[in-house]
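A short write-up of the structure that comes next.
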Amino acid sequence: MNNIELVMALHHVWNSGDLDLIDNVYARDFLAHWPASSEVPERRGIEGIRFGVERIRTAFPDWHEQVEDVFGSGDRVACVLPYGGAMETVAVHPEGVFPLPDALTFEQGAAIPMNYLTAHFALAERAGLREGETVLVHGGAGGVGTATIQVAKGYGARTIAVVSTAEKAAVATRAGADETVLVDGFRDAVRELTGGAGVDVVVDVVGGDLMTDSLRSLGALGRLLVVGFTGGTIPEVRVNRLLLNNVDVRGVGWGAYAMARPGYMRSQWDALLPMMTSGVIAPPIGDLRPVEEIADALTEMDERRTLGKTVLRF
């Protein structure tokens, strides 16, 4: 086998929080490099979104030795790439290709790489999460939120999901959250649930005006992880709060860190594999749509109406 060709009827591309495109992805023999003169036919997206048109010019040098050590023809795989995957056929560097356990569907596989590797990086690398600690998860019904809940459970932590509606609370509970609280008044609810001790880790994908009460929800030596700003504004932190309460604010930039370090993403995947096979990791698919509805799916995500993961099928 000279190379791996990843042929996707539906592919892991728009993995931006809650939306993915992926379907049946197999490792297959690719007997010859595409010649430099080959062209990919132009593909137009839906609702005016025009997918990129690129000439294939790379012969994938030196990849085959890496691939042959890991995958065989017909293996089920999931993948991740930084951009350029919104096409029916894509080539992915071996660093971004991972074995998909039989226990998971391809739709669930679509939901794993970006969000669950981010959650693993946040909890294991940046927070140093320990068994028995308590994790407060903002946006608990979204893609990153549900991934964080499940990875935290895999490490033996207690999880409290912060949500905006009862419907979203049900999604977080199904994902494995031990408790759920509504965002309005979450600080008091957390204080009650923890007996006044506060939580050990806050995972914040929302930002905005939640930051102050998130810091106040931390216990001694607590860590607040900044993962995103879906709330639309970037908050400021008064550092005297960090000093007086012995707490930290830590950034979580998974892509910039992981994709620059060969072997790192695969080590993350290997750490999560036992959770996948045991069923702790089971991405909740909130909606499965045809790709023709991509505009509606993106609108729902922008308006924060997405529950779990939305998967688009070609």
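The values are calculated or read from the model by the stated rules, or taken from the named source; none is laboratory data. All values derive from a computational prediction rather than experimental measurement. Cβ sites come from the backbone with ideal geometry, for glycine too, and all protein chains shown count toward neighbours.
The residue list 300, 236, 293 contains one member that is part of a loop (DSSP other than H, G, I, E, B) and among the acidic types (Asp, Glu), which is 236. Only residues that are of a type in the set (Ser, Thr, Tyr) and either touching a helix residue (DSSP H, G or I) at 6+ places or on another chain (Cβ under 6 Å) or assigned to a loop (DSSP other than H, G, I, E, B) (or both) were counted across region 196-220, and they come to 1.
Kindly check whether there is at least one residue in region 183-204 that is within 20 Å of residue 226 (Cα to Cα) and either under 15 Å from the mean Cα position of the chain (by Cα) or not assigned by TED's automatic domain parsing to the domain that holds residue 251 (or both). Yes, the conditions are met somewhere in region 183-204. Which of the residues that make up region 261-281 are among the β-branched types (Val, Ile, Thr) and either assigned to a loop (DSSP other than H, G, I, E, B) or under 16 Å from the mean Cα position of the chain (by Cα) (or both)? 280, 281 - these are the residues of region 261-281 that are among the β-branched types (Val, Ile, Thr) and either assigned to a loop (DSSP other than H, G, I, E, B) or under 16 Å from the mean Cα position of the chain (by Cα) (or both).
The numbered conditions (1) over 23 Å from residue 131 (Cβ atoms); (2) surrounded by fewer than 22 Cβ atoms within 10 Å (Cβ to Cβ) are all true for residue 194 except (1).
Given the criteria surrounded by 16 or more Cβ atoms within 10 Å (Cβ to Cβ), over 16 Å from residue 113 (Cα atoms) and in contact with a strand residue (DSSP E or B) (Cβ under 6 Å, 6 or more places away or on another chain), does residue 199 qualify? Answer is yes for this residue.
Of all positions in region 249-260, at least one carries a residue that is farther than 28 Å from residue 99 by Cβ and either without any contact (Cβ under 8 Å) to a residue 40 or more places away in the chain or among the polar types (S, T, N, Q) (or both).
With respect to the conditions (1) outside any loop (DSSP other than H, G, I, E, B); (2) at pLDDT below 95, residue 228 falls short on a single one, namely (1). Within the option set 274, 283, 290, 235, being touching a Phe, Trp or Tyr at 6+ places or on another chain (Cβ under 9 Å) and surrounded by fewer than 17 Cβ atoms within 10 Å (Cβ to Cβ) holds for one residue only, 290.
Filtering region 303-314 to residues that are farther than 23 Å from residue 173 by Cα and either surrounded by fewer than 22 Cβ atoms within 10 Å (Cβ to Cβ) or at pLDDT 85 or above (or both) leaves 313, 314.
Out of curiosity, is residue 188 surrounded by fewer than 17 Cβ atoms within 10 Å (Cβ to Cβ) and under 22 Å from residue 236 (Cβ atoms)? For residue 188, the condition - surrounded by fewer than 17 Cβ atoms within 10 Å (Cβ to Cβ) and under 22 Å from residue 236 (Cβ atoms) - is not met.
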